[in-house]
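Structure first, commentary second.
No lab work stands behind these numbers, since they all come straight from the coordinates. Quick caveat, the model's predicted, so the values are computed rather than measured. Every residue, glycine among them, receives a Cβ derived from its backbone with ideal geometry; neighbour counts consider all protein chains shown.
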């Protein structure tokens, strides 16, 4: 298609939409009015049926199909049947109501599906090479599945550390050989024990806050392990646990265990050939909180800047504190600063409480959340 020039497409009816695509853009996004959040190339009404074959006429100057990548926030599943005749390289689907789709014949290389709060029922075929499931994973109902080579899971977790997050049981994925799990580095930890349902795992990539890493020793066939943005690796098994391990990455991981892993790799490299082995960007635990734990992102700009500055100052002081009183003084300074800020409502109060909880966790001293909450309630005016 001619980029940077307006063109009419028959997306929901004859010549229903006019679009202008910037030169070099290989993707196309469709949002549903009143429901979808964010920026989209085009908007449709709730319940609109998409005429996916309207894209058949488009190609790049080089002659390949356009678009290569789709982002669709809506409930029409007609793209599934359309892909049987017109292969799709990458499709991101964000349904807003309960939906069912039979993809046994679909030709979608990388298929991303997000479950918000409603059930998503899927039958999966062999042409899906990488499957990405995100959001409320308990809402996915996999009725049938060919052997998916790569499964990527990004569950919704909560900011505050409560009980660890466990994966739902996916009986149709028991034999998947590669799994990638992503959670934030700060907040609810992912329970690695819930990975033991995948008995055929050969390759595992984990990113974020993890717990029960010791359970990974039960995954006997691992050949590849990747760890990224992990703030606590205290119960990580020795790498020699996996006799077939020949690929390892540790990147942006906590420093203490990272050094141990580096030494283990040096020793194992003398005993077996690794296709790749690297441990780099070792971080102190405080780095993860400072970079990813600051809970003021949704605040008004000026309030966010002032609160963040106070939080970072307290974080540095608390990491060096030798007594409980020193920790308390730093936390009270943050609370008093927030007392002076305008428009602190319920949401902001919850964020401030979370900040206090994170600050005491960064201390080497044993201070309970209950005591921190007492300080919070004693000194706050909001």
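Give the residues of the stretch 13-29 whose amide nitrogen is closer than 19 Å to a point set 7 Å from the Cα of residue 65 in the direction of its Cβ.
25-29
Using 0.36 nm per residue of separation minus the Cα-Cα distance, give me the extension gain between residue 116 and residue 89 in nm, one decimal.
Length difference between fully extended and current span is 7.4 nm.
Taking a ≥ b ≥ c as the square roots of the Cα gyration tensor eigenvalues, with a/c under 1.5 meaning rounded and otherwise prolate when a/b beats b/c, else oblate, which class fits the stretch 296-379?
In terms of gyration-tensor shape, prolate.
Could you state the angle between the C-alpha long axis of helix 301-320 and the longest principal axis of the C-alpha atoms of the chain, as a value from 0 to 90 degrees rounded to the nearest 10?
Helix 301-320 sits at roughly 50 degrees to that axis.
What FRET efficiency comes out for the pair residue 381/residue 305, r = Cβ-Cβ distance, R0 = 22 Å, nearest 0.05?
The calculated FRET efficiency here is 0.60.
Restricting to the chain, what percent of DSSP beta bridges are antiparallel, rounded to 5?
If I count the DSSP bridges inside the chain, around 5 percent turn out antiparallel.
Pull out a ≥ b ≥ c, the square roots of the eigenvalues of the alpha-carbon gyration tensor of the stretch 101-184, then state rounded if a/c is under 1.5, prolate if not and a/b is larger than b/c, and oblate in the remaining case.
Note, shape of the stretch 101-184 comes out prolate.
For residue 146 and residue 343 in the same chain, what is the full-extension length gain: residue separation times 0.36 nm, less their Cα-Cα distance, in nm?
Full extension from residue 146 to residue 343 adds 65.6 nm.
Run the numbers on the stretch 232-288 and let me know its relative contact order in percent, using alpha-carbon pairs under 8 Å that are six or more apart.
Over the stretch 232-288, the number comes to 46 percent.
Kirkwood hydrodynamic radius (Cα pairs, Å) of the stretch 133-240?
Hydrodynamic radius (Kirkwood, Cα pairs) of the stretch 133-240 is 14.1 Å.
Given a Förster distance of 41 angstrom, what is the FRET efficiency for residue 291 paired with residue 102, based on the Cβ-Cβ distance and rounded to 0.05?
Plugging the Cβ-Cβ distance into 1/(1 + (r/R0)^6) gives 0.45.
If I model a spin label at residue 10 and residue 81 as a point 7 Å from the Cα along the Cα→Cβ vector, what separation in nanometres do I get?
1.7
How much length, in nm to one decimal, is gained on full extension between residue 18 and residue 267, taken as 0.36 nm per residue of separation minus their Cα-Cα distance?
Separation in residues times 0.36 nm, less the Cα-Cα distance, equals 83.4 nm.
Which distance in nm do the two modelled labels at residue 220 and residue 313 give, with both placed 7 Å along the Cα-to-Cβ direction?
Between residue 220 and residue 313, the simple spin-label model gives 5.8 nm.
Cα axis of helix 346-361 to longest principal axis of the chain: angle in degrees, 0 to 90, nearest 10?
60
Compute the angle between helix 255-268 and the longest alpha-carbon principal axis of the chain, please, reported from 0 to 90 degrees and rounded to the nearest 10.
Approximately 70 degrees, to the nearest 10.
Which one, 163, 50, 331, has the greatest fluctuation when you compute a Gaussian network model over the chain with C-alpha springs under 10 angstrom?
Per the Cα network of the chain with a 10 Å cutoff, 163 tops the list.
At a Förster distance of 22 Å, what's the computed FRET efficiency of residue 27 paired with residue 58, Cβ-Cβ distance as r, to 0.05?
Once the sixth-power term is evaluated, E becomes 0.95.
Quick one: work out the % antiparallel among DSSP beta bridges in the stretch 1-146, nearest 5.
10
Looking at the chain from every direction and averaging, what is the projected area of its Cα convex hull in nm²?
Mean projected area of the Cα convex hull: 22.2 nm².
With n ≥ 4 as the cut-off for DSSP H runs, can you work out [θ] at 222 nm for the chain, using -39500 (n - 2.57) per run divided by the number of residues, rounded to the nearest 500?
-7500 deg cm²/dmol
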